[in-house]
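**Student:** Handing you a structure now.
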Amino acid sequence: MVFFLCLLPGEQPDASSGARNVARKVSLDKKVLFFNTAHGERIFTVGWIDGAGQLQEKRHVSRKGFHGYEMRDHKGWSGEAETVSVGGIKVDSERVDFPNLSEEMDIFLAYEPWLRSSVNALWGHTLFGFSWDRVVLLVGFLITVAIYVVKKSSISLTTALLSGFVFLMILVEIRTTYGHIRMAEKLKENESIAQARGLAVFSRQLAGRIGEKHWSSEKLPSIASITIAYALAGKRFAPPSLKDTPQYVISYQNGGIVLIPPVR
Amino acid sequence: MMTAFLATLAHILLNSVEGWAISRHFYSDCGIVARVCVSILTGIYFETLLIFLLLFLGLPVLSLPLALLVSTAILVSFSLWKKKRGQFFSRPDFSPFKPHWYEIIVGAVLLGKVIFSLWVLDASPVYFDDALTHWSARGRAIFGGVNWSFDPNSPLFMGFTGHKHYPLMIPLWRAATAAFTGEWNGVFARVDGILFFVLVILTVWAAVKHFSQSRALAAVSAFLLLSLPFHIWHSFSGFADIGVEVFAVASMAALLRKEWFIAGFLAAGTAWAKNDGIVLFIPPLFLSCLIIQRTLPAAMKNGIRFLAGVCTLLPWFIFKLFLMPGIAPGEEGFSWHGDIFFKLIEIVIDGPTHTVFWIFVPVILCLTFKNMFKDAIGRAMLAFSFLSFWVVVLVFGMTDAYRFLVNEMTIHRTMLQYYGVSVMICLYAVFLSQKKEKERHVG
């Protein structure tokens, strides 16, 4: 019997979703990009031809539903653009427009996405087009100056600086905690976690079928390969030197993972 | 899940008893929190070294719980036998601890982070790449017994997946935890991150309280570490970087308490958790150990004690020397990338991952440089910071690691390893500055 698992699309840009033009001959100053998508936490690319004819790009992470995506922090997002396009994700209801206050807050309150790269680097947040870190840095600096000016006779500049830093980290912590609460609400809908969970369940079934026999794998997509290798780490792996040993082969065929039993 | 947690708690308790039995011979006077943190880390360090030796000698994995219980019993018996009258049960100070309002808030934040991390462990499978390959898959392979060999001629030498160069503390600890229940669980694959996260906070809190005698400053240090957005991700990621961080910060705290041997083996713990420690932490911590001394003979004597602690990792170093040459995976070649400083500013300082933390740290050190330089501990901390900075520049600017700076795959995790020590250094700088200010007013 051959097991088969159909792979769900992952968080990588969807190559089948070619770039889609979302606006033509549009002024970019102080505007952001809006669209609706059914896919959350997918990395996509916004590309545009600026007034000088140069191709500019910015990567983003999608949020399921209709949301705005900050573009004002990119130095090439200004003037008039010939075309603006979105690649790597299927979108609709797209527009390039000025955000109102509730849309600004929606952009600011976007939670840190859960991606495989999140343990390497964070995406961060923006507020009214400015980096959130620069905003808190400014607030911290002003607090430090205010404390030092008012309390100069009783505290040192260092203490004032620490106080200012603590205050700005309180703001960071409030923002982060809100993001974590939102992330927790959305985690179970996350497609790549659903895929990972599916792979984990499938791998347990593979382990049951493999039993005490050897196994090896070939041509698996990298995420499936490492997930299955982790799940089967306690089952006898057949390295290339054991290629003549009867073994189950886990392979990628026709868009899914198959378990090929040993040849008798 | 509940069984897995109970097994983990039991394992941590065993580690703390083992660690207490070893480290109590080298303690100075330190509070209960510092003592518990050091005990747990000492227990993890020596237990995993012992497991490494036992597995190398061919002991099966499922006999490990018995072996560990026996070794713990021997250690505790030895400690009881060596007790000095009235000193064995040198009870720590259990006077009632009445928390201030700010400590309640910080405690609540810590509890919230721990609950969130535990919830993530329950809500998600083992997910991130390095956890799946280097740290948990190898741990699972060790536990399973069939995909692991210490024979360099075997195709399964040091496992069938992950970097063979990577040290074994984390995989061995996870395998040992699984051995207590007889089966693997996704909790074992990642829960040590939460333990290390809590230990970093508590170690820094205890160290700052010890040197400043200020609970407010200690609470500030704990809060700063809790609020760094990148930190919490590594409490549930399953990676080893937070393991490096906790051993580094515990080593620095031990230096401040003048526990030279303990500081040495905790420094070695950074290298036993991940290769980074060999280059990023052992040299700067050793330099700090030398500079903190007041006389040259003291520097020699205590430097040797520190190195004696580092040498407890010799079994691993000897194993690597003879069976696995090289320090790190990847190509080994050197070429200088002239834009390293701009890249570090753009990616580390100006990027969102660490918020403004890496602006705050150099600013504090610059403002307090004069006070720090006049103080022995301050000088040691400045030396640590200076050498660490240049080590990071050289590693990421001169080696193949440059691409991991540009693609941001490794640099931020390396900077995370410095979080705990950096907060400790900054709070020491502030404390020193406040002390000078008070002396000036009194004068």
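**Student:** For the range B:138-169, name all the residues that are open to solvent by less than 10 Å² (accessible area, probe 1.4 Å) and in contact with a Gly (Cβ under 6 Å, 6 or more places away or on another chain).
**Tutor:** Looking only at the range B:138-169, we keep the residues that are open to solvent by less than 10 Å² (accessible area, probe 1.4 Å), and these are B:138-139, B:141-142, B:147, B:158-159, B:167-169.
Hits for the range B:138-169 are B:138, B:141.
**Student:** Of the conditions (1) at pLDDT below 95; (2) at the interface with chain B (Cβ under 9 Å from one of its Cβ atoms), residue A:170 fails just one. Which one is it?
**Tutor:** (1)
**Student:** Here's another thing I want to ask about it. Name, by its number, the condition in (1) within 12 Å of another protein chain (Cβ to nearest Cβ); (2) under 20 Å from residue B:418 (Cα atoms) that does not hold for residue B:218.
**Tutor:** (1)
**Student:** Might you check whether a residue that is more than 9 Å from chain A (Cβ to nearest Cβ), more than 19 Å from the chain's Cα centre (by Cα) and crowded, with 17+ Cβ neighbours inside 10 Å occurs anywhere in the range B:407-422? Show your work before the answer.
**Tutor:** Step one: filter the range B:407-422 for residues more than 9 Å from chain A (Cβ to nearest Cβ), giving B:414-422.
From the residues that got through so far, the ones that are more than 19 Å from the chain's Cα centre (by Cα) too are none.
Taking every residue of the range B:407-422 in turn, none turns out to be more than 9 Å from chain A (Cβ to nearest Cβ), more than 19 Å from the chain's Cα centre (by Cα) and crowded, with 17+ Cβ neighbours inside 10 Å.
**Student:** Quick check on residue A:65: is it more than 10 Å from every other protein chain (Cβ to nearest Cβ) and surrounded by 13 or more Cβ atoms within 10 Å (Cβ to Cβ)?
**Tutor:** On the way: more than 10 Å from every other protein chain (Cβ to nearest Cβ): yes; surrounded by 13 or more Cβ atoms within 10 Å (Cβ to Cβ): no.
No, not satisfied.
**Student:** A further question on this structure: Within the group B:291, B:318, B:304, which residue is hydrophobic (A, V, I, L, M, F, W, C) and crowded, with 16+ Cβ neighbours inside 10 Å? Reasoning before the result, please.
**Tutor:** On the way: B:318 fails: crowded, with 16+ Cβ neighbours inside 10 Å; B:304 fails: crowded, with 16+ Cβ neighbours inside 10 Å.
Sole residue among the options that is hydrophobic (A, V, I, L, M, F, W, C) and crowded, with 16+ Cβ neighbours inside 10 Å: B:291.
**Student:** What are the residue pairs meeting all of these: first residue in the range B:67-82, first residue farther than 17 Å from residue B:55 by Cα, second residue modelled with pLDDT under 85 and not hydrophobic (A, V, I, L, M, F, W, C), Cβ atoms under 8 Å, and 6 or more apart or on different chains?
**Tutor:** Once the first residue is farther than 17 Å from residue B:55 by Cα and sits in the range B:67-82, its partners that are modelled with pLDDT under 85 and not hydrophobic (A, V, I, L, M, F, W, C) give B:79/B:24; B:79/B:25; B:82/B:25.
**Student:** Say we look at the range A:206-251 and pick out the residues that are within 25 Å of the chain's Cα centre (by Cα) and more than 10 Å from chain B (Cβ to nearest Cβ); which of these is least open to solvent (accessible area, probe 1.4 Å)? Outline the logic, then answer.
**Tutor:** Narrowing the range A:206-251 to residues within 25 Å of the chain's Cα centre (by Cα): A:220-231.
When the remaining residues are screened for being more than 10 Å from chain B (Cβ to nearest Cβ), the result is A:220-221, A:224.
Working: A:220: 26, A:221: 44, A:224: 3 Å².
Of everything passing the filter in the range A:206-251, A:224 is least open to solvent (accessible area, probe 1.4 Å).
**Student:** Output the residue which, of all residues in the range B:237-270 that are touching a residue at least 60 places away in the same chain (Cβ under 8 Å), closer than 22 Å to residue B:291 by Cα and among the small types (Gly, Ala, Ser), is surrounded by the fewest Cβ atoms within 10 Å (Cβ to Cβ).
**Tutor:** B:253
**Student:** Look through the range A:134-159, keep the residues that are within 9 Å of another protein chain (Cβ to nearest Cβ) and open to solvent by less than 20 Å² (accessible area, probe 1.4 Å), and return whichever of them is modelled with the lowest pLDDT. Give the steps one after another, and end with the answer.
**Tutor:** Step one: filter the range A:134-159 for residues within 9 Å of another protein chain (Cβ to nearest Cβ), giving A:134, A:136-137, A:140, A:154-159.
Going one step further and asking which of them are open to solvent by less than 20 Å² (accessible area, probe 1.4 Å), we end up with A:136, A:140, A:156, A:158.
On the way: A:136: 95, A:140: 95, A:156: 87, A:158: 92.
Out of the qualifying residues, it is A:156.
**Student:** Next question, about the same structure. Among the residues of the range A:116-133, which ones are surrounded by fewer than 21 Cβ atoms within 10 Å (Cβ to Cβ) and touching a residue at least 24 places away in the same chain (Cβ under 8 Å)?
**Tutor:** Once the filter is applied, which keeps residues that are surrounded by fewer than 21 Cβ atoms within 10 Å (Cβ to Cβ) and touching a residue at least 24 places away in the same chain (Cβ under 8 Å), the range A:116-133 yields A:116, A:123, A:128, A:129, A:130, A:131, A:132.
**Student:** Does residue B:182 satisfy the condition of being within 11 Å of another protein chain (Cβ to nearest Cβ), in contact (Cβ under 8 Å) with a residue 60 or more places away in the chain and surrounded by fewer than 23 Cβ atoms within 10 Å (Cβ to Cβ)? Outline the logic, then answer.
**Tutor:** On the way: within 11 Å of another protein chain (Cβ to nearest Cβ): no; in contact (Cβ under 8 Å) with a residue 60 or more places away in the chain: yes; surrounded by fewer than 23 Cβ atoms within 10 Å (Cβ to Cβ): yes.
No; evaluated as a whole, the condition is false for this residue.
**Student:** For residue B:378, are the conditions met, namely being of a type outside the set (S, T, N, Q) and open to solvent by less than 20 Å² (accessible area, probe 1.4 Å)?
**Tutor:** Details: of a type outside the set (S, T, N, Q): yes; open to solvent by less than 20 Å² (accessible area, probe 1.4 Å): yes.
Judged against the criteria, residue B:378 is a match.
**Student:** Give the residue, chosen from B:333, B:338, that is outside any helix (DSSP H, G or I), in contact (Cβ under 8 Å) with a residue 60 or more places away in the chain and open to solvent by 10 Å² or more (accessible area, probe 1.4 Å).
**Tutor:** Numbers: B:338 fails: in contact (Cβ under 8 Å) with a residue 60 or more places away in the chain.
So the residue among B:333, B:338 that is outside any helix (DSSP H, G or I), in contact (Cβ under 8 Å) with a residue 60 or more places away in the chain and open to solvent by 10 Å² or more (accessible area, probe 1.4 Å) is B:333.
**Student:** Continuing with this model, one more query. Of the numbered conditions (1) touching a residue at least 40 places away in the same chain (Cβ under 8 Å); (2) small (Gly, Ala, Ser); (3) within 25 Å of residue A:212 (Cβ to Cβ); (4) buried (at least 18 other Cβ atoms within 10 Å of the Cβ), residue B:131 fails exactly one; give the number of that condition.
**Tutor:** Condition not satisfied by residue B:131: (3).
**Student:** Sticking with this structure for a sec: So residue A:58 ticks every box in (1) in contact (Cβ under 8 Å) with a residue 40 or more places away in the chain; (2) in a strand (DSSP E or B) but one. Which box is left unticked?
**Tutor:** (1)
**Student:** What are the residues in the range A:94-149 that are under 27 Å from residue B:407 (Cβ atoms) and of a type in the set (D, E, K, R), if any?
**Tutor:** Within the range A:94-149, A:112, A:116, A:133, A:134 meet the criteria.
**Student:** I've got another one for you. Consider only pairs whose beta carbons are under 6 Å apart and that are at least six residues apart or on different chains; among these, list those whose first residue lies in the range B:411-425 and is among the small types (Gly, Ala, Ser) and whose second residue is surrounded by 24 or more Cβ atoms within 10 Å (Cβ to Cβ).
**Tutor:** That search, which allows pairs on different chains as well, returns B:420/B:200; B:420/B:204; B:420/B:245; B:420/B:249.
**Student:** Right, something else. For the range A:181-205, which residues satisfy the criterion of being open to solvent by 20 Å² or more (accessible area, probe 1.4 Å) and either of a type in the set (Ser, Thr, Tyr) or facing another protein chain (nearest Cβ under 7 Å) (or both)? Working first, answer last.
**Tutor:** Step one: list which residues in the range A:181-205 are open to solvent by 20 Å² or more (accessible area, probe 1.4 Å), which gives A:181-182, A:184-186, A:188-189, A:191, A:194-195, A:197-198, A:200-201, A:204-205.
Of everything in the range A:181-205, those that are open to solvent by 20 Å² or more (accessible area, probe 1.4 Å) and either of a type in the set (Ser, Thr, Tyr) or facing another protein chain (nearest Cβ under 7 Å) (or both) turn out to be A:184, A:188, A:197, A:200.
**Student:** How many of the residues in the range B:124-155 are within 17 Å of residue A:236 (Cβ to Cβ) and more than 7 Å from chain A (Cβ to nearest Cβ)?
**Tutor:** Within the range B:124-155, the first condition is being within 17 Å of residue A:236 (Cβ to Cβ), and the residues that meet it are B:137-138, B:140-149, B:151, B:154-155.
Retained after the next criterion (residues that are more than 7 Å from chain A (Cβ to nearest Cβ)): B:138, B:142, B:145, B:148-149, B:151, B:154.
Count: 7.
The values are calculated or read from the model by the stated rules, or taken from the named source; none is laboratory data. Not measured: the values here are computed from a predicted model. Every residue, glycine among them, receives a Cβ derived from its backbone with ideal geometry; neighbour counts consider all protein chains shown. Quick note on the areas: whole protein, heavy atoms, side chains included, nothing else; ligands and nucleic acids left out. Shrake-Rupley method; radii C 1.70, N 1.55, O 1.52, S 1.80 Å.
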